[in-house]
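Written out below as structure tokens is the structure these notes cover.
The values are calculated or read from the model by the stated rules, or taken from the named source; none is laboratory data. As the structure is a computational prediction, the values presented were derived from the model and not from experiment. Reconstructed Cβ throughout: ideal geometry from the backbone, glycine too, with neighbour counts over all protein chains shown.
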Amino acid sequence: MSNKLFSSIDMGGQTLGNRMVMAPLTRNRAPDCIANALMAEYYGQRSAAGLIISEGTQISEQAVGYPATPGIYSQQQVDGWSQVTDTVHAKGGHIFAQLWHCGRISHPDFHAGELPVAPSAIKPAGDAFTYEGLKPFVTPRTLEASEIPGIIEQYRHAAACAGNAGFDGVEIHAANGYLIDQFIRDGSNRRTDHYGGSLENRIRLLLEIVDAVGSEIGHNKVGVRISPINAFNDMSDSDPQSTFDHIASSLSGLGLAYLHVVEVSMTGETDSNFDTGRLRDRFDSLYIANGGYDGERAQQAIASNTADLIAFGAPFLANPDLPERLRTGAPLNTADQSTFYGGDAHGYTDYPSL
Ligand SMILES: Cc1cc2nc3c(=O)[nH]c(=O)nc-3n(C[C@H](O)[C@H](O)[C@H](O)COP(=O)(O)O)c2cc1C
């Protein structure tokens, strides 16, 4: 079998050492929302990835939706992340920051009692993770049209901060039921202004954010993550194929670094009615595939040109030296779910390398 998975690739003018990407993984180990030395150690251990995408990183206080997740909008946060990017760069790696606004997947506890914001006042089913444990989601406050420029400005500012912190680029998190995805999919967007209704209107926020962020740091340093069939966070769309085909076409021709597609649901299933090949065909830059890949499937996908790079989530979490293990066919450590979200070095920086 071709071993192209292990070969270098140009991504918007940056040379990645291989086509294995560390997927964004929230780990809730940033007290005060500031990245720290333990996180620098964790990411540094995984710097053999061709590209690391950081865990979801909030772009403002309004964007917060989980405990102990890092932000990238204050000078202290920039300083915290600089430790991480310095460590990754010293080991020859590349790292993008995943820019995150949780929207309605949040709780008033994170906002001094104020409601979380969303495209429409639709309460998601389920519970928020707060510092005091699980609490039912609330009905969010509908964003006024006049507030949208402020949201876009939060993304632009966060991208500038990411640049100052030494990140090689940013990934705009438009997946998994967070704010941008809430605008995209019609189950969570009932707006009647020009950010809701038609497909053009529902993807307008994403395109305006891409434009603002790209103008700030360069479109070649911007990737976008989408998750067309993921119902996680109570998401639905009446016609996902048309919605995401249109997104892939609209993001094409902008000189972006990549389109990153979570091809599965949160529980790992694919959907035989959804054709991810149509997204790859419509998008003109690099395509990163994610969701349930092991070494063999990853090599097949690269060899058959259905993807340019493969992102690994749980496998990278549990195997700091994943590229070496996949190259040599060594066995993999199993990820321990009990230490995924929060805690200390245990289950974080103590997974053994070969
Ligand atoms: C612990 C954990 C945290 C995650 N955090 C994020 C996140 O911050 N942002 C995101 O876009 N996806 C997140 N995901 C989804 C992963 O990036 C990935 O899409 C998912 O694990 C499927 O890939 P895999 O089968 O290779 O693990 C998370 C997944 C896990 C297991």
*Restricted to the range 315-336, and to residues that are out of contact with any helix residue (DSSP H, G or I) (no Cβ under 9 Å at 6 or more places or on another chain) and within 18 Å of Pro24 (Cα to Cα), which residue is nearest to the ligand (Cβ to nearest atom)?*
Leu317
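For every residue, the table says whether it meets (1) outside any strand (DSSP E or B); (2) under 22 Å from Gln75 (Cα atoms); (3) more than 16 Å from the ligand (Cβ to nearest atom).
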| position | (1), (2), (3) |
| --- | --- |
| Leu5 | yes, no, no |
| Asp10 | no, no, yes |
| Thr15 | no, no, yes |
| Thr26 | yes, yes, no |
| Arg29 | yes, yes, no |
| Ala35 | yes, yes, no |
| Glu41 | yes, yes, yes |
_Thr57 modelled with pLDDT of 95 or more, within 15 Å of Gly166 (Cα to Cα) and in contact with a helix residue (DSSP H, G or I) (Cβ under 9 Å, 6 or more places away or on another chain)_ = yes
*Can Asp109 be described as within 23 Å of the chain's Cα centre (by Cα) and charged (D, E, K, R)?*
no
_Just checking, does the range 150-164 include any residue being away from the ligand (no atom under 16 Å from the Cβ), touching a strand residue (DSSP E or B) at 6+ places or on another chain (Cβ under 7 Å) and outside any helix (DSSP H, G or I)?_
no
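Residues are listed down the side, and each one gets a yes or a no for (1) touching a Pro at 6+ places or on another chain (Cβ under 7 Å); (2) under 18 Å from Glu114 (Cα atoms); (3) crowded, with 19+ Cβ neighbours inside 10 Å:
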position: Thr130; (1), (2), (3): yes, yes, no
position: Leu143; (1), (2), (3): yes, yes, yes
position: Gln154; (1), (2), (3): no, no, yes
position: Gly166; (1), (2), (3): no, no, no
position: Ala175; (1), (2), (3): no, no, yes
_Lone unmet requirement of (1) assigned to a helix (DSSP H, G or I); (2) within 16 Å of the ligand (Cβ to nearest atom); (3) closer than 19 Å to Leu256 by Cα; (4) out of contact with any helix residue (DSSP H, G or I) (no Cβ under 7 Å at 6 or more places or on another chain) for Glu171_ = (1)
